[in-house]
Every structure is written in structure tokens, then in C-alpha cells.
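Heads up: the structure comes next, in C-alpha cells.
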2 protein chains.
Amino acid sequence: MSSPSTSQALPDPPYYAVIFTSQRTDGDRGYAVMAERMVTLASEQPGYLGVESVRDAEGRGITISYWSSEEAVHRWKAQNEHLRAQAAGESTWYADYCVQIAKVERAYTKKKSADATHP
Amino acid sequence: MSSPSTSQALPDPPYYAVIFTSQRTDGDRGYAVMAERMVTLASEQPGYLGVESVRDAEGRGITISYWSSEEAVHRWKAQNEHLRAQAAGESTWYADYCVQIAKVERAYTKKKSADATHP
């Protein structure tokens, strides 16, 4: 769902992070198609900066989307097609979930490949 | 490394999140023991609120630790044994990583089991 380098490509803080932690229910039931569609849809919204998502074999997942402002976060939450996905997520795809809205104040990254010339 | 309910058990915002995204190198090389030790060590620090961690089959991971204040985050970053783990992480365990310090301003959770009596 995300490339390994999402965090490496973000602008300097401050910006906003929407932290979505969840436990999937069993079975796909349309989840994979929706998840891919939501990433595409999010990337088309104003203020979108990036997304990264990891889910383990037990169905535990953390997805973080990044936004330029709190207003952009609000607009994305209220986007029509996203609202329908949120409802289906609550009824069908997730056993539990938590959404946290956070202002990223500092960030630092390290990429081995970028250091290849500095042994 | 974390129970499914970490996010469900946090206090009301505001609090701080340290978002650690990483790509593991191949092979364990002491990683699993260190990771478990760091969770234990973090939980003993003042201001610790919880941690959740997910890593997928490709070695991509997101770990979020939660803290009561920015001061608690600073102290944890500077903790001696944690500093040694950070150095080993940079040299050995991670191909790339990103650390983001964020202030959580809002949060909402949903747990299916808690709704079992509300069909």
C-alpha cells in the first residue's frame, strides 16, 4: 500500500498525521479493493502529503496518512466516498480501531543507501 | 510486541507520540532480544503511556510509543541503554528509518466487543 520511503519524502514539520490502528476481521469481503481505492482517493485530496501502512500476519495494522494542515485532515474525514468506506470499515472490516490526529513537530530520517559514500 | 488494545487504553489527549517507521535488514543479529528489552525499558520510564508495533512479512515496520509530555520523550531518547540500542539500530538492524515526534490532539476509538450489547 505504501513505498518504504514515504517518511523520507515528507516536507519539514509541522504537518499533520492521522494515525489509524486497527484489527482486521477475518476474510477480505471487499477490503483490499477499498484499501487501494482509499489510498488513491486520499492522494487526490488537497493537502495530502503521503501515506504509509503496515499490517502483520495476525491482521494488526497501523496506517498513517500525512496532511499539510488540520483543515486538510477535516476535509478528508468528511469526503463522501471516504465516509462510506468508514461506515463499511466499522460494520465489516475492523474488529477494533483507533484514530489519532497528531501534529508532527519534529522528524529525522536515516537512509543507508544515501550514506553509501560515507563509510 | 503490543496488545491490540494499546490505543484503546490511552488517556485523553493531549499526549505525545513517537512514530518510528523502519525497514529491517536481513537476519536477526540480536534484534528480537533488543526489541523486547526496549519495550520493557520504555515501560519503566516516567511518562510512558504505551507502545504499539506492527511489522509485515517484508520487514517494514511502524512502532509508536506514547508519552505524557515532550519532556518524557526527550528523557527516553537520551536514556543510556536506549542510546546504545539506537546506535546498533543505525549500524546493524535498519536499512532505513524515520522518527517523528507528534503531539496527539484528538483520538477516538471503536471496539466491537464493547458494542456487543448494542446490536
Report yes if some residue within the stretch B:62-70 is modelled with pLDDT under 95 and more than 9 Å from chain A (Cβ to nearest Cβ); otherwise report no. no
Please enumerate the residues belonging to the stretch A:90-104 that are in contact (Cβ under 8 Å) with a residue 12 or more places away in the chain and more than 7 Å from chain B (Cβ to nearest Cβ). A:Thr92, A:Trp93, A:Tyr94
Going by the structure shown, is B:Val73 in a strand (DSSP E or B) and surrounded by 15 or more Cβ atoms within 10 Å (Cβ to Cβ)? no
Going through (1) surrounded by fewer than 17 Cβ atoms within 10 Å (Cβ to Cβ); (2) touching a helix residue (DSSP H, G or I) at 6+ places or on another chain (Cβ under 6 Å); (3) farther than 24 Å from A:Arg24 by Cα one by one, B:Thr109 fails only at (3)
On the given criteria, is A:Arg75 away from every other protein chain (no Cβ under 12 Å) and either on the phi < 0 side of the Ramachandran plot or in contact with a Phe, Trp or Tyr (Cβ under 8 Å, 6 or more places away or on another chain) (or both)? yes
Kindly indicate whether A:Gln86 is without any contact (Cβ under 8 Å) to a residue 40 or more places away in the chain and among the polar types (S, T, N, Q). yes
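To keep it simple, each residue is scored yes or no on (1) without any contact (Cβ under 8 Å) to a residue 24 or more places away in the chain; (2) within 22 Å of A:Gly61 (Cα to Cα).
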{"residue": "B:Val39", "(1), (2)": "no, yes"}
{"residue": "B:Gln45", "(1), (2)": "no, no"}
{"residue": "B:Glu52", "(1), (2)": "no, yes"}
{"residue": "B:Ala57", "(1), (2)": "yes, yes"}
{"residue": "B:Ile62", "(1), (2)": "no, yes"}
{"residue": "B:Ser68", "(1), (2)": "no, no"}
{"residue": "B:Val73", "(1), (2)": "no, no"}
Regarding the stretch B:18-26, can at least one residue be identified that is in a loop (DSSP other than H, G, I, E, B) and out of contact with any Cys (no Cβ under 6 Å at 6 or more places or on another chain)? yes
Look at B:Glu105 and say whether it is in contact with a strand residue (DSSP E or B) (Cβ under 9 Å, 6 or more places away or on another chain) and either in a helix (DSSP H, G or I) or under 25 Å from A:Ser65 (Cα atoms) (or both). yes
The stretch A:76-102, residues that are under 15 Å from the mean Cα position of the chain (by Cα) and either small (Gly, Ala, Ser) or not in a strand (DSSP E or B) (or both): A:Trp76, A:Lys77, A:His82, A:Ala85, A:Gln86, A:Gly89, A:Ala102
So A:Tyr94 clears everything in (1) of a type outside the set (D, E, K, R); (2) farther than 17 Å from B:Ala102 by Cα; (3) touching a Leu at 6+ places or on another chain (Cβ under 9 Å) except one condition, right? Which one? (3)
Among residues of the stretch A:1-59 being of a type in the set (A, V, I, L, M) and within 9 Å of chain B (Cβ to nearest Cβ), the residue farthest from the chain's Cα centre (by Cα) is A:Ala57
Hey, A:Ser65 of a type in the set (Ser, Thr, Tyr) and not in a helix (DSSP H, G or I) or not: yes
Restricted to the stretch A:20-58 and to residues being touching a helix residue (DSSP H, G or I) at 6+ places or on another chain (Cβ under 8 Å) and among the β-branched types (Val, Ile, Thr), the residue surrounded by the most Cβ atoms within 10 Å (Cβ to Cβ) is A:Thr21
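The values are calculated or read from the model by the stated rules, or taken from the named source; none is laboratory data. Source: prediction; values computed, not measured. Every residue, glycine among them, receives a Cβ derived from its backbone with ideal geometry; neighbour counts consider all protein chains shown.
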